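The next block holds one structure in the form of C-alpha cells; read it before the comments.
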Amino acid sequence: PNGVVLTHAAPGAVIEGPEDLERVAIGGYETMPARVFMGVPVLGALLWSRWASPERSHRFLEALGGRVCVFGHDVVREGFCREAADQLCVSTSFGLFDRNKVYVEVDLSREYSSSNDFISGRELRPLW
C-alpha cells in the first residue's frame, strides 16, 4: 500500500505476482551447494541477488504493487546505497564499522515512490 517492498537481496527474482512467492518451498536446501542454490527459481534470486537490472527490478516491483525495493545482503561501506531510483540497499553487516551501519524505519503512513524518498536521519537511521 505504501510502495515499499522489503527483500533480503536485490529484486532480481522473476515473478508474476505474490502467489509466486507463496508457492516457494522454503525447506530442503540444506545440503545444496550455494552455487547451485543461487539458480533455484525465485528463492535463489531473493536470497543471493547482488543487483537487479532496471527491467527486472521494475517487473518484480510491478508484480507486487510496489515502487521501490529496500534490501540488504551486501556490504555497503557507507551504510546505504541508492542502486537506482527503485532500489535502496542498506547494510548492517559485520563487515562495516559500527558507525556506518544503517537500518530503515519505514513510516507506514507515508507513500514512497523512489529510493530518494528515504532520508538520512528520518528513514535511514544509524544502527549504533
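The values are calculated or read from the model by the stated rules, or taken from the named source; none is laboratory data. All of these numbers come straight from a predicted model, not from anything done at the bench. Cβ atoms come from the backbone with ideal geometry, glycine included; neighbour counts cover every protein chain shown. Each accessible area value is taken on the protein alone, full model and side chains, heavy atoms only, with ligands, DNA and RNA left out. Shrake-Rupley method; radii C 1.70, N 1.55, O 1.52, S 1.80 Å.
Key figures
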{"quantity": "Options Arg23, Arg35, Arg67: the member that is among the basic types (Lys, Arg), touching a Leu at 6+ places or on another chain (Cβ under 7 Å) and open to solvent by 30 Å² or more (accessible area, probe 1.4 Å)", "calculated": "Arg67"}
{"quantity": "Within segment 38-64, considering residues that are open to solvent by 60 Å² or more (accessible area, probe 1.4 Å) and among the aromatic types (Phe, Trp, Tyr), the one farthest from Pro18 (Cα to Cα)", "calculated": "Trp51"}
{"quantity": "Given (1) over 23 Å from Glu19 (Cα atoms); (2) in contact (Cβ under 8 Å) with a residue 60 or more places away in the chain, number of the condition Arg67 does not satisfy", "calculated": "(1)"}
{"quantity": "Check on Glu78, open to solvent by 30 Å² or more (accessible area, probe 1.4 Å) and in contact with a helix residue (DSSP H, G or I) (Cβ under 8 Å, 6 or more places away or on another chain)", "calculated": "yes"}
